[in-house]
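The structure under discussion appears below in the form of structure tokens.
Derivation of every value follows stated rules applied to the coordinates shown; laboratory data play no part. The shown structure was predicted, so the numbers you read here are calculated from the model rather than taken from an experiment. Every residue, glycine among them, receives a Cβ derived from its backbone with ideal geometry; neighbour counts consider all protein chains shown.
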Ligand SMILES: Nc1nc(=O)c2ncn([C@@H]3O[C@H](COP(=O)(O)OP(=O)(O)O[C@H]4O[C@H](CO)[C@@H](O)[C@H](O)[C@H]4O)[C@@H](O)[C@H]3O)c2[nH]1
Ligand SMILES: [Mg+2]
């Protein structure tokens with residue numbers, strides 16, 4: 001999954017997923033502009049295998065994370081990036097199962113679909129609990145993310161997961177223990193994960209996790 005080669009970039013002129021705009025407005029009578037992009041709304045799901053006390057997360061190579069981690073001298077359009085110096089592993093993230101809302105369906109249905117496609121669990125829609133809707137970005141994009149929680153068991157595991165091959169998705173499903181969740185939230189100063197994961201894990205520890213063992 002992180003064997004990344006032949007990296008270069010070009011200006012994005014026509015796009016399917018990202019739409020850049022220059023917004024003009026007046027704030028307290030002062031004329032201003034702001035550079036922004038619009039993105040799809042999304043869903044993300046905290047998945048807990050309750051009997052085995054494991055959280056189900058996903059790992060994948062994120063081009064945007066990889067690219068923004070390159071020094072600006074390596075981001076010149078048309079120029080090849082040295083992937084021996086900047087390996088694909090620097091763009092691999094740990095995240096909640098998540099997906100964009102690109103179909104006209106209820107959010108809970110899209111969440112159910114993502115849990116199956118990415119992690120291989122067939123869950124009933126009634127099992128999905130809505131946690132919170134928040135903004136995934138506020139500076140450049142203002143896209144909404146809708147967070148759900150679902151408990152799963154081994155009987156619901158009907159497929160391997162890994163994402164839709166026809167959409168080029170290559171996703172590793174990762175299970176982590178509640179202890180590892182605590183270590184992730186309290187431990188490292190930097191993680192290669194979106195804020196939604198950290199919020200989701202903190203919410204899980206506060207509302208759903210078995211109590212921490214007393215020392
Ligand atoms: N951007 C882009 N460029 C392409 O060239 C490009 N080519 C195809 N696609 C489409 O994008 C979708 C990516 O997969 P998902 O639907 O699973 O969405 P995620 O990328 O997981 O994103 C979610 O989860 C993240 C983590 O919480 C959040 O940060 C995001 O806000 C949130 O949307 C697929 O349907 C694929 O067909 C591209 N998308
Ligand atoms: Mg996804």
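For segment 202-215, which residues satisfy the criterion of being part of a loop (DSSP other than H, G, I, E, B), free of Cβ contacts under 8 Å to residues at least 40 places away in the same chain and surrounded by 12 or more Cβ atoms within 10 Å (Cβ to Cβ)?
209
Considering each residue of segment 60-90, count those that are touching a residue at least 40 places away in the same chain (Cβ under 8 Å) and within 18 Å of residue 162 (Cβ to Cβ), and give that number.
3
One line per residue, one yes/no per condition, for (1) under 15 Å from the mean Cα position of the chain (by Cα); (2) surrounded by fewer than 15 Cβ atoms within 10 Å (Cβ to Cβ); (3) closer than 21 Å to residue 89 by Cα; (4) touching a residue at least 12 places away in the same chain (Cβ under 8 Å):
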position: 118; (1), (2), (3), (4): yes, no, yes, yes
position: 125; (1), (2), (3), (4): no, yes, no, yes
position: 133; (1), (2), (3), (4): yes, yes, no, yes
position: 140; (1), (2), (3), (4): no, yes, no, yes
position: 165; (1), (2), (3), (4): no, yes, yes, no
position: 189; (1), (2), (3), (4): no, yes, yes, no
position: 193; (1), (2), (3), (4): yes, no, yes, yes
position: 200; (1), (2), (3), (4): yes, no, no, yes
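Taking residue 182 as meeting all but one of (1) touching a residue at least 12 places away in the same chain (Cβ under 8 Å); (2) closer than 23 Å to residue 109 by Cα; (3) more than 16 Å from the chain's Cα centre (by Cα), write down the number of the exception.
(2)
Among the numbered criteria (1) farther than 25 Å from residue 89 by Cβ; (2) in contact with a helix residue (DSSP H, G or I) (Cβ under 9 Å, 6 or more places away or on another chain), which single criterion is violated by residue 169?
Of (1) farther than 25 Å from residue 89 by Cβ; (2) in contact with a helix residue (DSSP H, G or I) (Cβ under 9 Å, 6 or more places away or on another chain), only one is false for residue 169: (1).
Would you mind stating whether residue 99 is free of Cβ contacts under 8 Å to residues at least 60 places away in the same chain, surrounded by 17 or more Cβ atoms within 10 Å (Cβ to Cβ), under 30 Å from residue 22 (Cα atoms) and within 14 Å of ligand 2 (Cβ to nearest atom)?
It is true that residue 99 is free of Cβ contacts under 8 Å to residues at least 60 places away in the same chain, surrounded by 17 or more Cβ atoms within 10 Å (Cβ to Cβ), under 30 Å from residue 22 (Cα atoms) and within 14 Å of ligand 2 (Cβ to nearest atom).
Of everything in segment 157-194, what is assigned to a helix (DSSP H, G or I) and more than 21 Å from residue 17 (Cα to Cα)? Give them in sequence order.
The answer is 178, 179, 180, 181, 182, 183, 184, 185, 186.
Checking the structure you have, find out if any residue of segment 118-132 is out of contact with any helix residue (DSSP H, G or I) (no Cβ under 9 Å at 6 or more places or on another chain), within 25 Å of residue 170 (Cβ to Cβ) and within 12 Å of ligand 1 (Cβ to nearest atom).
The answer is yes, given that some residue of segment 118-132 is out of contact with any helix residue (DSSP H, G or I) (no Cβ under 9 Å at 6 or more places or on another chain), within 25 Å of residue 170 (Cβ to Cβ) and within 12 Å of ligand 1 (Cβ to nearest atom).
Just for segment 14-64: of the residues that are touching a helix residue (DSSP H, G or I) at 6+ places or on another chain (Cβ under 7 Å) and within 10 Å of ligand 1 (Cβ to nearest atom), which one is nearest to residue 176 (Cα to Cα)?
58
Being more than 20 Å from the chain's Cα centre (by Cα) and surrounded by 12 or more Cβ atoms within 10 Å (Cβ to Cβ) is the filter here, so list the residues in segment 1-19 that pass it.
Those that are more than 20 Å from the chain's Cα centre (by Cα) and surrounded by 12 or more Cβ atoms within 10 Å (Cβ to Cβ): 7, 8, 9.
Could you identify the single residue in 38, 93 that is within 22 Å of residue 140 (Cα to Cα) and surrounded by 16 or more Cβ atoms within 10 Å (Cβ to Cβ)?
93
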